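Since the structure comes first, as structure tokens, the remarks are kept for the end.
The values are calculated or read from the model by the stated rules, or taken from the named source; none is laboratory data. Being a predicted model, the structure only gives us computed values, none of them experimental. Quick reminder, even Gly has a Cβ in these numbers, built from the backbone with ideal geometry, and neighbours come from all protein chains shown. In case anyone asks, the SASA skips ligands and DNA or RNA and just uses the protein heavy atoms, side chains included. Shrake-Rupley method; radii C 1.70, N 1.55, O 1.52, S 1.80 Å.
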Amino acid sequence: MDVLAEVLHVSGARGALGVVLKAGGTWGLWLDSFPGAALHVVSRGSVWLHVPGEKPLQVQAGDSVLVPPGTAHGIAGGADVTMGSCDREEAARAMGDGRALRLGSAPVQTEVIVLHYEQDPEVHTPVLASLARPMHVTARENAQLGRTVELLTAEFAQPQIGTTAAVNSIVDLLLVQFVRAWLTRHPQEQPGSWLGALRDPVVSDALARVHAQPGRPWTTETLAAATSVSRATLSRRFRAALGQTPGAYLTQWRIDLASVRLRDTDEPVESISGAVGYSSPHAFSRAFRRARGTAPGEYRSRLRK
């Protein structure tokens with residue numbers, strides 16, 4: 001079981017092109033907080049990332065930086081530049097016309113590809129939302145990521161038949177490669193996050209089993225036995241990695257799966273309850289109401305209005 005792939009699939013954490021920026025001279029752009037994560041890929045020159053409460057971070061050509069969901073931040077041509085607000089209407093027009101958004105003055109010295117990643121609001125298992133601060137991966141840290149950035153840049157430089165499909169696939173690939181690179185290069189930044197939990201072999205093994213068989217009647221004891229550790233060890237390491245017990249995580253994931261199926265399918269509640277591991281519709285309804293504040297049927301009706 002590829003846990004990361006499974007959770008990204010269920011959570012709908014897919015990427016979309018924001019805009020391509022071409023800038024020169026003195027320039028700065030302040031980006032208000034928005035629900036999704038932002039990935040800034042620098043294809044030429046360098047930019048400075050500004051986040052309130054943190055020192056400005058220089059991001060060089062070939063580097064990428066992923067900013068957590070809801071984080072207000074700015075990008076600029078220098079560390080001490082006054083940033084203006086983003087003209088969203090102009091950015092939308094540039095995207096619609098297939099042209100870059102120009103900032104500052106000629107000649108162009110910097111090019112940045114801004115990507116957005118959003119997660120399905122009905123899925124509460126944190127992936128991107130678990131990030132506490134921006135993640136910066138340099139070109140020299142990961143050659144594979146660098147080649148993907150080059151491929152994305154080439155698609156924008158010479159659009160042709162299939163470019164839209166190619167860009168969508170590359171954007172999703174970038175996220176996976178970015179997470180791989182970060183997990184490898186920045187272990188000190190990972191404790192307490194869902195992504196960081198993947199580096200703990202015991203917790204990662206337990207997560208893989210839960211995600212492979214969410215409908216199995218797991219208990220902390222049976223999950224510990226499956227991962228060849230004691231119940232106490234699994235509980236301690238799980239809580240240290242994710243801040244919750246194995247049982248609480250299992251319930252959260254089951255409710256996430258059920259929420260998506262309630263919204264996207266016409267399956268009876270009874271079928272969904274059994275598929276996600278509940279012995280009866282009544283037990284499922286009770287757990288769902290605790291997690292979502294409403295009964296499964298009411299939840300489905302509200303989302304479909």
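Looking for whichever is modelled with pLDDT of 80 or more and surrounded by fewer than 20 Cβ atoms within 10 Å (Cβ to Cβ) here; the options are Ala165, Ala139, Ala132. Which one fits?
Only one candidate qualifies: Ala165.
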* Would you call Leu183 open to solvent by less than 60 Å² (accessible area, probe 1.4 Å), among the hydrophobic types (A, V, I, L, M, F, W, C) and touching a Lys or Arg at 6+ places or on another chain (Cβ under 8 Å)? -> yes
* Asked: Could you say whether any residue in segment 64-81 is touching a Gly at 6+ places or on another chain (Cβ under 6 Å), under 30 Å from Ala181 (Cα atoms) and open to solvent by 50 Å² or more (accessible area, probe 1.4 Å)?
  -> no
* To do: Please determine, by comparing only the residues of segment 91-126 that are open to solvent by less than 90 Å² (accessible area, probe 1.4 Å) and modelled with pLDDT under 75, which one is nearest to the chain's Cα centre (by Cα).
  => Pro126
* To do: Quickly run through segment 192-251 and pick out the residues that are in contact with an Asp or Glu (Cβ under 7 Å, 6 or more places away or on another chain) and either under 24 Å from Ile272 (Cβ atoms) or of a type in the set (Val, Ile, Thr) (or both).
  => His211, Thr227
* Asked: What are the residues in segment 151-162 that are open to solvent by 30 Å² or more (accessible area, probe 1.4 Å) and either touching a residue at least 40 places away in the same chain (Cβ under 8 Å) or of a type in the set (A, V, I, L, M, F, W, C) (or both), if any?
  -> Leu151, Thr153, Ala154, Phe156, Ala157, Pro159, Ile161
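To keep it simple, each residue is scored yes or no on (1) part of a helix (DSSP H, G or I); (2) open to solvent by 70 Å² or more (accessible area, probe 1.4 Å).
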{"position": "Ser259", "(1), (2)": "yes, no"}
{"position": "Arg263", "(1), (2)": "yes, no"}
{"position": "Glu267", "(1), (2)": "no, no"}
{"position": "Glu270", "(1), (2)": "yes, yes"}
{"position": "Gly274", "(1), (2)": "yes, no"}
{"position": "Tyr278", "(1), (2)": "no, no"}
{"position": "His282", "(1), (2)": "yes, yes"}
{"position": "Arg286", "(1), (2)": "yes, yes"}
{"position": "Arg290", "(1), (2)": "yes, yes"}
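Any idea how many residues of segment 1-25 are open to solvent by 30 Å² or more (accessible area, probe 1.4 Å) and either aliphatic (A, V, I, L, M) or at pLDDT 75 or above (or both)?
Taking segment 1-25 first, the residues open to solvent by 30 Å² or more (accessible area, probe 1.4 Å) are 1-2, 5-6, 9, 12, 14, 16-17, 22, 25.
Filter once more, keeping what is either aliphatic (A, V, I, L, M) or at pLDDT 75 or above (or both): 1-2, 5-6, 9, 16-17, 22, 25.
Qualifying residue count, segment 1-25: 9.
Please tell me if Phe238 is of a type outside the set (A, V, I, L, M), farther than 26 Å from Val179 by Cα, open to solvent by less than 30 Å² (accessible area, probe 1.4 Å) and out of contact with any strand residue (DSSP E or B) (no Cβ under 9 Å at 6 or more places or on another chain). Give the steps one after another, and end with the answer.
On the way: of a type outside the set (A, V, I, L, M): yes; farther than 26 Å from Val179 by Cα: no; open to solvent by less than 30 Å² (accessible area, probe 1.4 Å): yes; out of contact with any strand residue (DSSP E or B) (no Cβ under 9 Å at 6 or more places or on another chain): yes.
It is false that Phe238 is of a type outside the set (A, V, I, L, M), farther than 26 Å from Val179 by Cα, open to solvent by less than 30 Å² (accessible area, probe 1.4 Å) and out of contact with any strand residue (DSSP E or B) (no Cβ under 9 Å at 6 or more places or on another chain).
Would you check which residues across segment 190-235 are among the charged types (D, E, K, R) and either in a loop (DSSP other than H, G, I, E, B) or in contact with a Gly (Cβ under 9 Å, 6 or more places away or on another chain) (or both) and list them? Before the answer, list the steps.
Taking segment 190-235 first, the residues among the charged types (D, E, K, R) are 199-200, 205, 209, 216, 221, 231.
Residues satisfying the conditions are Arg199, Asp200, Arg216.
When the residues of segment 33-62 are filtered to those that are in contact with a Lys or Arg (Cβ under 9 Å, 6 or more places away or on another chain) and in a loop (DSSP other than H, G, I, E, B), which remaining residue is surrounded by the most Cβ atoms within 10 Å (Cβ to Cβ)?
Within segment 33-62, the first condition is being in contact with a Lys or Arg (Cβ under 9 Å, 6 or more places away or on another chain), and the residues that meet it are 44, 51, 54, 61-62.
Imposing the further condition that a residue be in a loop (DSSP other than H, G, I, E, B) reduces the set to 51, 54, 61-62.
Numbers: Val51: 17, Glu54: 11, Ala61: 18, Gly62: 23.
Per the stated criteria, the residue is Gly62.
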* To do: With the checklist (1) in contact with an Asp or Glu (Cβ under 7 Å, 6 or more places away or on another chain); (2) surrounded by 18 or more Cβ atoms within 10 Å (Cβ to Cβ) in hand, flag the one item Leu175 doesn't pass.
  => (1)
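Of all residues in segment 236-293 being among the aromatic types (Phe, Trp, Tyr) and within 20 Å of Val7 (Cα to Cα), which is nearest to the chain's Cα centre (by Cα)?
My answer is Trp253.
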* Could you grab me the full set of residues in segment 236-269 that are without any contact (Cβ under 8 Å) to a residue 60 or more places away in the chain, among the β-branched types (Val, Ile, Thr) and closer than 16 Å to Val123 by Cβ? => Thr251, Thr265
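In segment 110-145, how many residues are of a type in the set (Gly, Ala, Ser), closer than 22 Å to Trp48 by Cβ and touching a Leu at 6+ places or on another chain (Cβ under 9 Å)? So that I can check it myself, show each step before the final result.
Here is the first cut: in segment 110-145, the residues of a type in the set (Gly, Ala, Ser) are 129-130, 132, 139, 143.
Pick out the ones that are also closer than 22 Å to Trp48 by Cβ and you get 132, 139.
Next, only the ones that are touching a Leu at 6+ places or on another chain (Cβ under 9 Å) stay: 139.
The number of residues fulfilling the criteria is 1.
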* To do: Run Glu90 past the list (1) part of a strand (DSSP E or B); (2) over 19 Å from Trp182 (Cα atoms) and report the number of the one that doesn't hold.
  => (1)
